[in-house]
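First up is the structure itself, then whatever we jot down about it.
The values are calculated or read from the model by the stated rules, or taken from the named source; none is laboratory data. All of these numbers come straight from a predicted model, not from anything done at the bench. Here Cβ is always computed from backbone atoms with ideal geometry, including for glycine, and neighbour counts include all displayed protein chains. For accessibility, only protein heavy atoms count, side chains too; no ligands or nucleic acids. Shrake-Rupley method; radii C 1.70, N 1.55, O 1.52, S 1.80 Å.
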Amino acid sequence: MQILFLGAPGAGKGTQCKKLAEKLGLPHLSSGDLLREAVKQGTKAGVAAKSFMDKGILVPDDVLIAMFREFLSKPEMDKGFILDGFPRNLPQAESLSTLLTELSKSLTVVINLHTSEDLLVERITGRRTCPNKECNAVYHVKFQAPKQLGVCDKCATELVHRSDDKPDVVKQRLTTYAEQTEPLITYYGNQGIVKTVDGEGEPEEVFDRLVKTLKVPV
Ligand code: AMP
């Protein structure tokens, strides 16, 4: 299965994609996690991306397209994959389509994870993430607190409050989503491959809806 997730920042894409990747044994490619790792490592892509990410606006398309070309061409992607955060605008969607055709692949389904805007802001500003790239677990100070304050349950790394999860940048990220990414729901809708899943409620509840929608054996 080649699955793409669409959804505003805070819709819970990261959490759901990780659970689904584990269940299906598929690689999970998160553009945000890949970019944050590139920034941390100081790679050329990371240096190019940092100032855009700090402002909550999209990193130039060529950076993302080169990055995903490299990852999607790897042999381990032949069993399928889960895309999270890429594509995020129409030019990226067109480039992905060209790339997948070159690789003789196509998207099986696009999941539109839908959540109300008030909940998005509360979810993002309370979010705490594990910066360990092997883990990247996501918590919430109120909805999904770690057992020990500020420490990852899974790998004991100190959790961080992403600088772009702070209120002023969050507003810009939501605007960027509405203007540039939301049109992709219609773009893929016209191809007949979009399924909308209600992203509100406990992560387990949302995951149940997701596996039912995908008709994955429980
Ligand atoms: P995320 O963790 O998915 O919310 O992404 C964090 C930030 O990374 C975004 O606010 C953008 O600055 C950048 N980013 C992630 N994915 C993309 C993409 N497909 N195109 C451009 N910028 C991206």
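What to note about this one:
- Two numbers describe the Cα atoms of the chain: Rg and Dmax, which are 16.4, 47 Å.
- Over all other residues within a Cβ to Cβ distance under 13 Å of Pro91, the charged ones net out to -2, with Lys and Arg as +1 and Asp and Glu as -1.
- Taking the protein heavy atoms of the chain in the context of the full set of protein chains, the accessible area attributed to carbon and sulfur is 53 percent at 1.4 Å.
- Taking the Cα centre of segment 72-144 as origin and assigning +1 to Lys and Arg Cβ atoms and -1 to Asp and Glu Cβ atoms, the resulting dipole is close to 260 debye.
- For segment 70-170, alpha-carbon Rg over 2.2 N^0.38 Å: 1.35
- For peptides 130-141, 165-176, 147-158, sequence by mean Cβ density within 10 Å, most packed first: 130-141, 165-176, 147-158
- Here the spin labels are modelled as points 7 Å beyond Cα on the Cα-Cβ line, and at Lys55 and Leu119 they lie 3.2 nm apart.
- Ellipticity at 222 nm from helices only: DSSP H runs of n ≥ 4 in the chain, each -39500 (n - 2.57), divided by the residue count, give -13500 deg cm²/dmol.
- When each of the peptides 37-50, 1-14 is scored by how many other beta carbons lie within 10 Å of its residues on average, the order from highest to lowest is 1-14, 37-50.
- Shape call, segment 16-91: gyration tensor on alpha carbons, a/c limit 1.5: prolate
- For the chain, averaging the sequence separation of C-alpha pairs within contact (under 8 Å, six or more residues apart) and dividing by the residue count gives a relative contact order of 29 percent.
- Over segment 81-186, accessible surface divided per residue gives 52 Å², non-protein components excluded, 1.4 Å probe.
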